[in-house]
Amino acid sequence: MEKLMVINPDFFTGNEQKLSLELQTLENPEGELHLRFYLASGKEFALPATGIVEVTQLTPDDIAPIPNASPLLLGTINLRGKIVWVADLGQFLGESKAVNTDRPTIPIIAIENQEQVLGLAIEVIGDIDWLDVETLETTYNLPDSIAPFVLGQWQEKNLENRGLYLLDSAKILRSARWAA
């Protein structure tokens, strides 16, 4: 079904002249809403918007380090009154480069599944896009460290060997790697 939007520039200027209305057709988006982002290695990933609680940028001082915690964890943050662990997503996925914490702010994506919340520190927040999960490719070669957490990939057009990987936030939250 097409939706119509009424555009009337005179409405906002206070002009009481005869209203001239333009109708503009809006396209319905295809697919599901996803947040795109990058890790320190430059690889691009996406998470379904439905599993994201919040996207924020915090100063390194806002992340309280916890002694003797897993090396994957940067520390904890106070997210709207709730204490939430923050992990370096790249390190969790086996990337050799750690997220850059020597900068004014660190992008963090807070994901949730069954009331369990985890902050994922990333390198760069990308766009929010409608991505068609029906075009997701599931036949690809991934390192063992990342394969259990990837639902599939979209191959970028005109760019050889560059894909956008869709992560499963529930599998990330439930991983046994957090105990290591």
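Hey, among the residues in the range 90-116 that are assigned to a strand (DSSP E or B) and over 14 Å from the mean Cα position of the chain (by Cα), which one's surrounded by the fewest Cβ atoms within 10 Å (Cβ to Cβ)? The selected residue is GLN116. Of all residue pairs spaced 6 or more apart or on separate chains, those with beta-carbon atoms under 7 Å, a first member in the range 92-114 that is more than 24 Å from LYS171 (Cα to Cα) and a second member that is aliphatic (A, V, I, L, M) and not in a strand (DSSP E or B) are ASN100/ALA40. Please determine whether any residue of the range 135-142 is modelled with pLDDT of 90 or more, of a type in the set (A, V, I, L, M, F, W, C) and outside any helix (DSSP H, G or I). For the range 135-142, residues modelled with pLDDT of 90 or more, of a type in the set (A, V, I, L, M, F, W, C) and outside any helix (DSSP H, G or I): absent. Hey, does the range 87-95 have a residue that's over 16 Å from LEU167 (Cβ atoms) and at pLDDT below 95? Within the range 87-95, none of the residues are over 16 Å from LEU167 (Cβ atoms) and at pLDDT below 95. With the requirement that a residue be in contact with a Leu (Cβ under 7 Å, 6 or more places away or on another chain) and over 16 Å from ALA64 (Cα atoms), what does the range 94-109 give you? Listed by number, the residues that qualify are GLU95, ILE109.
In the range 57-67 there is at least one residue that is part of a strand (DSSP E or B), at pLDDT 95 or above and surrounded by 16 or more Cβ atoms within 10 Å (Cβ to Cβ). From the list LEU159, LEU164, LEU72, LEU131, pick out the single residue that is closer than 18 Å to LYS43 by Cβ, buried (at least 17 other Cβ atoms within 10 Å of the Cβ), over 18 Å from the mean Cα position of the chain (by Cα) and modelled with pLDDT under 95. Criteria check complete, one pass: LEU72.
The values are calculated or read from the model by the stated rules, or taken from the named source; none is laboratory data. Quantities reported herein were computed from a predicted structural model and do not represent experimental measurements. Here the Cβ is made from the backbone with ideal geometry for all residues, glycine too, and neighbour counts use every protein chain on show.
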